[in-house]
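Q: This is the structure, below, for whatever I ask next.
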Amino acid sequence: MDKKDLQQYLWLRRVIKQLEDRLEELETEATRMTVRYSDQPKGAPYDKDRMAELGVEMVELDEKIQVKLAESYELARKIEEAIGSLPEREQYLMRARYIQGESWEQIAVDMHYSWQHVHRIHAKALRLLKKM
């Protein structure tokens, strides 16, 4: 386990969040279209093609999200396993940074260490993980 593996999890979570946000936008648009057209008189034209496109796009997006979630769960399991072998202090720092996505400044405040000392602990943790 190295820094690249750890960072991959953070980026994977960000991609999932981005996809979920897009899915929410599409659902909102579909809801607006449904409400708007349900208020129209019977027989009034509406964009059936756009509704169909939205439906297809939402299904495809949901499938992508499910695949990415499965990847993230597997990667998180591997990361947790690796981090679990570290001393407590290093475990705390690595979880805060790579699982919870906290900033270095926040970690330093939480741990009551200087920013530089947090980076020294991080470097030590990475060396220990690399040996495993």
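Q: What part of the accessible area of the range 57-103, given as a whole %, is carbon or sulfur when the probe is 1.4 angstrom?
A: 52
Q: Could you pull the accessible area for residue 4 with a 1.4 Å probe, rounded to 10 Å²?
A: 150
Q: Would you work out the relative contact order for the chain, in percent, from Cα pairs under 8 angstrom that are 6 or more residues apart?
A: Computed value for the chain: 36 percent relative contact order.
Q: Spin-label point model (7 Å from Cα, Cβ direction): what's the residue 32 to residue 111 distance in nm?
A: Distance between the two pseudo-spin positions: 4.5 nm.
Q: Using each residue's phi in the range 104-110, evaluate 6.51 cos²θ - 1.76 cosθ + 1.60 at θ = phi - 60° and report the 3J(HN,Hα) Karplus result to the nearest Hz, with x for Gly and Pro.
A: Using θ = phi - 60°, the values come out as 4, 5, 5, 4, 4, 5, 4 Hz.
Q: What residue among 31, 87, 16 has its Cα farthest toward the positive end of the dipole of the chain, where the charges are +1 on Lys, Arg and -1 on Asp, Glu, each on the Cβ?
A: Of the options given, the answer is 87.
Q: Another question, if that's okay. State the number of lysine pairs found in the chain whose Cα atoms come within less than 19 Å, restricting to pairs 8 or more positions apart or on distinct chains.
A: Pairs that pass both the separation and distance tests number 14.
Q: Okay, next question. Provide the gained length on full extension for the span residue 100 to residue 131, in nm with one decimal, where the gain is 0.36 nm per separating residue minus the Cα-Cα distance.
A: 8.8 nm
Q: To continue, here is another question. Any chance you could run the full-extension gain for residue 48 through residue 91? It's 0.36 nm times the residue separation minus the Cα-Cα distance, nm to one decimal.
A: Net length gain for the segment: 10.1 nm.
Q: Here's a follow-up. Grab the alpha carbons of the chain, take their convex hull, and tell me the volume per residue in Å³.
A: In the chain, the Cα convex hull volume per residue is 117 Å³.
The values are calculated or read from the model by the stated rules, or taken from the named source; none is laboratory data. Quick caveat: nothing in here was measured; it's all calculated off a predicted structure. Every residue, glycine among them, receives a Cβ derived from its backbone with ideal geometry; neighbour counts consider all protein chains shown. Just the protein is used for accessible areas: all its heavy atoms, side chains included, with ligands, DNA and RNA removed. Shrake-Rupley method; radii C 1.70, N 1.55, O 1.52, S 1.80 Å.
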